[in-house]
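Beneath this line is the structure, given in structure tokens, with notes to follow.
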Amino acid sequence: MKEGLRVIEKWWMKSVGYQIYPKSFYDSNADGIGDINGIREKLDYLNDLGVNLIWICPFYDSPMDDNGYDVRNFFDVAKEFGSMDDVKHLIEEAHQRGIKIVLDYVLNHTSDEHPWFIESRQSKDNPYRDYYIWHEGKIVDGKKIEPTNWGSFFGGSAWNYDEMTDSYYMKIFSNKMPDLNWKNVAVQDAMIDVAKQWLNLGIDGFRIDAVSHLDRAPFEDATAHDGEKYPLDWYKFSNLPKVHDYLKRLHEEVFKPSDCVAIGEVGGSASIDSGLLYSAFDSNELSMVFNFDHNWCNNLHEVNHPKKLKTNVIDLKRVFSSWQYAFEERGWLPLNWLNHDQPRLMSQYGDYKYPLQSGKMLATALHMMRGTPFIYQGEEIGMTNYPFEDVSDFNDISSISSYRYHLEKNPDDPVLALRKAALRSRDNARTAIQWSNDLYAGFSTVKPIPLVHPNYKKVNVEQSIKQQDSLWHHYKHLIHLRRQSEISDLILWGSYHLLDADNPHNYVYLRRYQGESLLVINSFSRKKQTFDLSPYTIMGQYVTNYPDTRINKQTLHLRPYESIVFKVKENV
Ligand code: GLC
Ligand code: CA
């Protein structure tokens, strides 16, 4: 019987993380925008929930073309979010509570308003020219066009024309986010300095944004399908060999000496093998990588109506399990459902008819796996997608471009275009956190800049804490089990074994460690399901989302979305 191993033990393996999107977390100074002091004021809330690691999305000085991922000054804070002093206080007060802080390290690009880029575009011989990726373009039929047909993530070309020197610069996100040229050692040095300065301020690690894109393929056209002018071909700028050289240098000079945690965002294009290349224990690159394979295991791309979303349970199990198995002895994984770039968990995989049961079940299914959990703000109270009514509701640059894209395909059906863009919109995850049923959901005392979901009177933190059987208390319980309970070691270090891989309704797995086993049973179904308990002797029950448990002659009878964790002895 294969058991878990405690191969390496690091502080961040025993952490439970929580992701904060500052703009919509909490507004402390009544200007309608969440801020650093707002996070500080909510530290007791986070502490009470039990998390001990927070990842905060960018709050650096920025023109906010992409809500802060377009950094203008790595060493300053955007006015609307506060000041460097606020950040220092936040770090100090978080540390007093035993909460570590991870910041976004945005190293693939800067804002076009960053002084490096302002210099770079001045002339071809400017000392900062090679900080970015410039190209003369190519001449086709006597006309100058982009060097390649590559598409960008936010729509349109991956190149932007700059009149100043009659050249193109590469930008795989928005026009206002020119890509840094990592081949240039000066860029590496400068970005290493950024990381070091933040570590010196006392932060505990980084979530490394868009890290897989630091190297590019030779500038040759991508294959276009459906006559697309700018095909988005991830392979042209993802997971290419030089990324590993850059990360090894960062590891050697920044991550290793500081013992910080370094979690890379490796996007939807990284295979498990490349995930291991980045973050296996012996990779000397990253601590962990976020992958997105489990984010879209449903029919989202085929349907037009959100209520018809159907989870592909077999696919979901396959995806989670393959990462769990591959990393078993070789690495460590972050465990997250979705983040600030995706729809809300409840709307993606939950069931609006059974919000409480399905929400709890989804939490259990994830939190009992091997890895470091990350809760996305508002997930713990079951926040849902926003009911967008008009394109003007969108703030996110990629949602707006997706709407335009769908409208181009269906010019007569703006309603369909809106619905399609809305289903995947990143703005779903960026609405104001619903703290109470006060005006503006208790997020602010003035009209908030982020949207406020109309369901805040029902779904809010105050209510969730008051109600003993809420989703919030379920999360708190799961965190407690992982951090300080008699089954902590099993949850932390146990091996993972998927059972009944082909069952389309139940997601069941075992964790094994030092002769003990944890049986994690989750029904993803509205209908009644069963599970055969005869191979096990139940030693204890640790999690449930129903008031009682129904076992009849060794058959477990599961109600809609029932979720149970037993400690068991495996009968031989
Ligand atoms: C990452 C971030 C996303 C951002 C992009 C560009 O994917 O999570 O929010 O738009 O990088 O920085
Ligand atoms: Ca504010």
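The values are calculated or read from the model by the stated rules, or taken from the named source; none is laboratory data. Because the structure is predicted, anything quoted here is derived from the model rather than measured. Counting neighbours? That spans all protein chains shown, and the Cβs are built from the backbone with ideal geometry, glycine included.
For the stretch 395-442, give me the residue count where each residue is within 24 Å of residue 175 (Cβ to Cβ), among the β-branched types (Val, Ile, Thr) and surrounded by fewer than 21 Cβ atoms within 10 Å (Cβ to Cβ).
Number satisfying all stated conditions: 1.
The conditions are (1) at pLDDT below 95; (2) of a type in the set (A, V, I, L, M, F, W, C); (3) over 22 Å from residue 19 (Cβ atoms), and residue 300 fails exactly one of them. Which is it?
Of the numbered conditions (1) at pLDDT below 95; (2) of a type in the set (A, V, I, L, M, F, W, C); (3) over 22 Å from residue 19 (Cβ atoms), the odd one out for residue 300 is (3).
How many residues, within the stretch 199-226, are surrounded by fewer than 21 Cβ atoms within 10 Å (Cβ to Cβ) and among the aromatic types (Phe, Trp, Tyr)?
1
Return only the number of the condition from (1) within 16 Å of ligand 2 (Cβ to nearest atom); (2) in contact with a Ser or Thr (Cβ under 6 Å, 6 or more places away or on another chain); (3) farther than 30 Å from residue 473 by Cβ that residue 79 does not satisfy.
(2)
Tell me which residues, restricted to the stretch 346-398, are among the polar types (S, T, N, Q) and more than 26 Å from residue 23 (Cβ to Cβ).
Across the stretch 346-398, the qualifying residues are 357, 358, 364.
Can you tell me which residues in the stretch 443-482 are surrounded by fewer than 18 Cβ atoms within 10 Å (Cβ to Cβ), of a type in the set (A, V, I, L, M, F, W, C) and not in a loop (DSSP other than H, G, I, E, B)?
Across the stretch 443-482, the qualifying residue is only 465.
Examine the stretch 67-78 for a residue that is under 30 Å from residue 180 (Cβ atoms), out of contact with any strand residue (DSSP E or B) (no Cβ under 8 Å at 6 or more places or on another chain), within 16 Å of ligand 1 (Cβ to nearest atom) and not in a helix (DSSP H, G or I), and state whether such a residue exists.
yes
Scan the stretch 25-54 for residues that are more than 30 Å from residue 118 (Cα to Cα), in contact (Cβ under 8 Å) with a residue 24 or more places away in the chain and not in a loop (DSSP other than H, G, I, E, B) and report the count.
12
With the structure loaded, tell me whether residue 101 is more than 16 Å from ligand 1 (Cβ to nearest atom), assigned to a helix (DSSP H, G or I), closer than 27 Å to residue 255 by Cα and in contact (Cβ under 8 Å) with a residue 60 or more places away in the chain or whether it fails that test.
no
Residue 499 is checked against (1) without any contact (Cβ under 8 Å) to a residue 12 or more places away in the chain; (2) of a type in the set (A, V, I, L, M); (3) in contact with a Ser or Thr (Cβ under 6 Å, 6 or more places away or on another chain) and fails just one. What number does that condition carry?
Every condition holds for residue 499 apart from (3).
How about the stretch 186-238: which of its residues are β-branched (Val, Ile, Thr) and under 24 Å from residue 261 (Cα atoms)?
Within the stretch 186-238, 187, 192, 194, 203, 208, 211 qualify.
Mind telling me which of the residues 243, 289, 187, 194 ends up being within 16 Å of ligand 1 (Cβ to nearest atom), under 23 Å from residue 75 (Cβ atoms) and among the β-branched types (Val, Ile, Thr)?
Of 243, 289, 187, 194, the one residue that is within 16 Å of ligand 1 (Cβ to nearest atom), under 23 Å from residue 75 (Cβ atoms) and among the β-branched types (Val, Ile, Thr) is 194.
Within the stretch 10-56, work out how many residues are away from ligand 2 (no atom under 13 Å from the Cβ) and either of a type in the set (Gly, Ala, Ser) or at pLDDT below 95 (or both).
Here the count works out to 3.
Counting residues that are within 16 Å of ligand 2 (Cβ to nearest atom) and under 30 Å from residue 324 (Cα atoms), which strands (runs of 3 or more DSSP E) fully inside the stretch 188-294 reach at least 3?
Once the strands (runs of 3 or more DSSP E) in the stretch 188-294 are filtered for at least 3 residues that are within 16 Å of ligand 2 (Cβ to nearest atom) and under 30 Å from residue 324 (Cα atoms), nothing remains.
Any idea how many residues of the stretch 419-442 are part of a loop (DSSP other than H, G, I, E, B), within 16 Å of ligand 1 (Cβ to nearest atom) and under 27 Å from residue 477 (Cβ atoms)?
Residues of the stretch 419-442 part of a loop (DSSP other than H, G, I, E, B): 425, 431-438.
From what's left, within 16 Å of ligand 1 (Cβ to nearest atom): 425, 431.
Remaining after also requiring under 27 Å from residue 477 (Cβ atoms): 431.
Final tally of qualifying residues: 1.
Could you look through the stretch 6-51, keep only residues that are away from ligand 1 (no atom under 16 Å from the Cβ), among the polar types (S, T, N, Q) and farther than 15 Å from residue 476 by Cα, and pick out the one that is surrounded by the fewest Cβ atoms within 10 Å (Cβ to Cβ)?
Within the stretch 6-51, the match that is surrounded by the fewest Cβ atoms within 10 Å (Cβ to Cβ) is 29.
Could you say which residue among 59, 74 is within 16 Å of ligand 2 (Cβ to nearest atom) and of a type in the set (Phe, Trp, Tyr)?
Unique residue meeting the criteria: 59.
Which pairs turn up if I take residues in the stretch 68-89 that are touching a residue at least 60 places away in the same chain (Cβ under 8 Å) and look for partners that are more than 16 Å from ligand 1 (Cβ to nearest atom) and in a helix (DSSP H, G or I) with beta carbon separation below 6 Å, at least 6 apart in sequence or on another chain?
The qualifying pairs are 87/36.
The rows are residues; the columns are (1) modelled with pLDDT under 95; (2) charged (D, E, K, R); (3) out of contact with any Lys or Arg (no Cβ under 9 Å at 6 or more places or on another chain).
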site: 95; (1), (2), (3): no, no, yes
site: 105; (1), (2), (3): no, no, no
site: 108; (1), (2), (3): no, no, yes
site: 112; (1), (2), (3): no, yes, no
site: 118; (1), (2), (3): no, no, yes
site: 134; (1), (2), (3): no, no, no
site: 149; (1), (2), (3): no, no, no
site: 199; (1), (2), (3): no, no, yes
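Any idea which of 518, 558 is at pLDDT 95 or above, within 16 Å of residue 367 (Cα to Cα) and crowded, with 22+ Cβ neighbours inside 10 Å?
Checking each option against the conditions leaves just 518.
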